[in-house]
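First the structure, in the form of structure tokens, and then the observations on it.
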Amino acid sequence: MKLTKEKLYELIEEVISMGGSRKRKKGSASSPTDMGSKEKPCPPGSFGPGIGNKMFDPQIPGATEWECSTEVEDKMLLVLQRFITYNKWTDGAENLAPQMLRYLLNQGDENTPIRRYPDGKPVYRGAGLSFKERPEQAMKIINSINWNEPEGKYSEKGMDFILFKLNDYSLKPHRAYTSFSPKLEAAAEFAVKAPAGGKGGARVIYVTNSSEAPDGNYFLEFNDLFYKMVTNPHYKNKTKLGDFQTVAWANKETEALYLGNGALPIQAIMINIVTLLKAFRHYAVKNKLDDQYHSLLEIAAKLTEKRLPRPIRRTGKKSPIK
């Protein structure tokens, strides 16, 4: 069942192709702005009500003259920089989402610092699935999987992940932004290190199609140019968030940031079966789900050679697992 990466990617493409294809609205025109330079700095005011024609132009490396950013652009840039630096969304930043989407639809592409991630592409989220913190979500996933039909296996840093299709499951974000990645390897590495992946949680990778984002929600991708942008000593940011600081140190990260609170359909999940069973056993004992746990334990024995958690044995009862 273990597949080469090439075969696994082919299988994932097949799985996510079952998702819907959404038609997107085209963005509106950008607002013109003034030009600035070392000799002629940009005025302190905002230029136009929206967004300029050149994305974050004052921070592009090597510029001797630049298009002055609008206040919206300045705030957008600082919000994104702080997210990369602290993995935290600045308070009130979700109000920027509609303007950011309009901007990205209008001119974002692979040559701009950021862009709206293209439709029809796979995106991955490595995470810890906690039975303690989110038992309903964990049980819904367990009950949405046909455990007798695994699709393939992938390994990262000695940890095996088994791919299963999900039936009618959506991920409901708990905040206005959720980290995904366009690269399976990056998501798998995050899953291996996931805080909830140890005691009390399972290590998983959510797999879906970028086209599945509901209306008003979208994926934002950080391109290479974003990590190459520099602090411009001759440009003054027009917000109270301070001046831009380079995030070149994070250039190995790959981010497809899901913006919005809309429930995102998840088409498949990759699970480390050992950590899942460890987490589920504790929950099953507490909630008297012995039969479901033992059924999953028997299936897992056919899927992995790794050592599995022990059966549940209650006083006066014989375990169904020999």
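All of the numbers you see were taken from the coordinates with simple rules; none came from a lab. Just so we're clear, the structure is a prediction, and the values are computed from it rather than from any experiment. Note that each Cβ is placed from the backbone with ideal geometry, even for glycine, and that neighbours are counted across all protein chains shown.
In order along segment 108-120, the phi-based Karplus estimate (6.51 cos²θ - 1.76 cosθ + 1.60, θ = phi - 60°) of 3J(HN,Hα) comes to x, 8, 5, 9, 9, x, 9, 7, 6, 4, x, 5, x Hz; Gly and Pro are listed as x.
In a fully extended conformation the segment linking Glu65 and Lys228 would gain 56.9 nm over its present Cα-Cα distance, using 0.36 nm per residue. A straight Cα-to-Cα reach below 15 Å connects Lys172 with the aspartates and glutamates Glu133, Glu136, Glu212, Asp215, residues fewer than 8 places away in its own chain not being considered. Sort segment 138-183 into rounded, prolate or oblate with this rule: let a ≥ b ≥ c be the square roots of the eigenvalues of the Cα gyration tensor; rounded if a/c is under 1.5, and if a/c is not under 1.5, prolate when a/b is larger than b/c, oblate otherwise. Oblate. A Förster radius of 41 Å combined with the Cβ-Cβ distance from Glu13 to Lys236 puts the calculated FRET efficiency at roughly 0.30.
Can you give me the relative contact order of segment 208-260 as a percent, contacts being Cα pairs under 8 Å and 6 or more apart? Intermediate results must be reported in sequence, preceding the final value.
Details: 50 pairs, mean separation 25.6, N = 53.
Reported as a whole number, the value is 48 percent.
In this structure, the amide hydrogen of Arg203, modeled 1.01 Å from its nitrogen in the peptide plane, lies closer than 5 angstrom to those of Leu129, Asn272, Thr275, Leu276, counting only residues at least 5 positions away or on a different chain. Loop-located chymotrypsin sites (Phe, Trp or Tyr not before Pro) in segment 134-165 (DSSP state not H, G, I, E or B) with no more than 10 neighbouring Cβ atoms inside 10 Å do not occur. Counting other Cβ atoms within 10 Å as a rough exposure proxy, the listed residues Glu149, Glu185 run Glu149, Glu185 from fewest neighbours to most. For Glu185 and Ala248, what is the calculated FRET efficiency with R₀ set at 25 Å and r taken between the beta-carbons, to the nearest 0.05? Working from the Cβ atoms, E equals 0.75.
Mean separation of Cα pairs under 8 Å and 6 or more residues apart, divided by the residue count, gives segment 134-222 a relative contact order of 18 percent. Taken over segment 172-238, the convex hull of the Cα atoms encloses 178 Å³ per residue.
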